[in-house]
Amino acid sequence: MGQMTFSDFEYSNRKKKTKREEFLDVMEEIIPWDEWVEFVRPYYPNGKRGRPTKGIEKMPRMYLLQVWFNLSDEGIEDAVYDSYAFRKFMGIDFNEEQVPDATTLLKFRHLLEKNHLGEQMFKAINYVLEQGGTIVDATIINAPSSTKNQEKAGDPEMHQTKKGNEWRFGMKCHIGADAGTGYVHTITATPTNVHDVTEAHKLLREDNEVAYGDSGYIGLEKRDEIVNDEHFSKIDFRIVRRPKSIKAVSDNAINREKEIDHRKSSVRCKVEHAFYYIKVRFKFTKVRYRGIAKIFTN
């Protein structure tokens, strides 16, 4: 950010960092900003016509803040003015410049979408994440079973499955997350009747050394797509067992097997934070089917 401002000096004397600041500090370290800037540069306005452009790096930073904290274009503009943590992350010094306005952010988002730059950025950050292990898990995204399209038919990609004592209808979101940081590197979608273990091999990376999963992935290491793969067959699969399968011990003895499974669970639970963001922050709790023809004719 360059030279420290009076705000930097003032905030540096605080006794505690907020969770927001800690999160942004981690993102500052793991995101390959130089690579992202080079992805955007060929498509970014050169400033020779119209208003002077903002620094290329500031725009993806502002866009990420908007996504992470679920804010509108106007909302993130106001939030950067209000929040020291946001201004620090963006590198904004009010003595030299102002926050990009909502219209500028809107145009930048359209630039990313039009040129498919998001996919390139996502691939670049995967190389930075720890390559040691992957956590696999899945969650069901519900769909209204009674919804019909113009042809009076349901979505052929939707199916039902029984989870516990409850029947669920919709699709399933499968996630592969980094075991070290908990950040998602792979997502796939299937109907709900596809078993978690069937999709698991698509969530692993060739350089993984270990893989974590809940009891739904028991037997994963014995599947053909794992056994017959040169890289996957070397992975140490640390799958949490069902509680009933762990033998009980006397009251005075330490249940080593239960303790080992508890440690597996403490790593595996990181993937649940990803599902929180998908379902709560991004609001992907339900899918609807209206028919492709209706979408284009209305």
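Near the amide H of Val184, under 5 Å away, which other amide H atoms are found, from residues 5 or more places off or on another chain, if H is placed in the peptide plane?
Asp178
Give me the distance in nm between label points sitting 7 Å out from Cα along the Cα-to-Cβ direction at Glu35 and Lys222, one decimal.
3.9 nm
Short version: ³J(HN,Hα) in whole Hz for each residue of region 214-228, in order, from phi by Karplus 6.51 cos²θ - 1.76 cosθ + 1.60 (θ = phi - 60°), x for Gly and Pro, what are they?
Working through the residues one at a time gives 7, 5, x, 9, 4, x, 4, 5, 9, 6, 4, 5, 8, 4, 8 Hz.
Starting at the first residue of region 166-173, write each ³J(HN,Hα) from the Karplus equation 6.51 cos²θ - 1.76 cosθ + 1.60 with θ = phi - 60°, in whole Hz, x for Gly and Pro.
Ordered by residue, 3J(HN,Hα) equals 10, 8, 10, 10, x, 10, 10, 9 Hz.
How do 32-44, 97-109 rank on mean C-beta neighbours within 10 Å, highest first?
The most tightly packed comes first, giving 97-109, 32-44.
Within the set Lys54/Lys202; Lys19/Lys58; Lys123/Lys258; Lys107/Lys270; Lys19/Lys202; Lys19/Lys107, which residue pairs have Cα atoms separated by over 28 Å?
Lys54/Lys202; Lys123/Lys258; Lys107/Lys270; Lys19/Lys202; Lys19/Lys107
For Phe237, what residues show an amide H to amide H distance below 5 Å, using hydrogens built from the backbone and excluding near sequence neighbours?
Result for Phe237 returns Ala211.
What distance in nm lies between label points placed 7 Å from Cα along the C-beta direction at Val210 and Met27?
Inter-label distance under the simple model: 2.8 nm.
Taking H as built 1.01 Å from N, whose amide H comes closer than 5 Å to the amide H of Lys17, not counting residues under 5 places away?
none
Any chance you could run the full-extension gain for Asn142 through Thr198? It's 0.36 nm times the residue separation minus the Cα-Cα distance, nm to one decimal.
Length gained between Asn142 and Thr198: 18.2 nm.
Place the peptides 84-94, 223-233 in order of packing, highest mean first, counting for every residue the other Cβ atoms within 10 Å and averaging per peptide.
Most protected by this proxy first, the peptides run 84-94, 223-233.
Since every read-out is calculated from the coordinates, none of them should be taken as a lab result. Treat the numbers as computed from the prediction; the structure is a model and nothing was measured. Neighbour counts run over all protein chains shown; Cβ positions are idealised from the backbone, glycine included.
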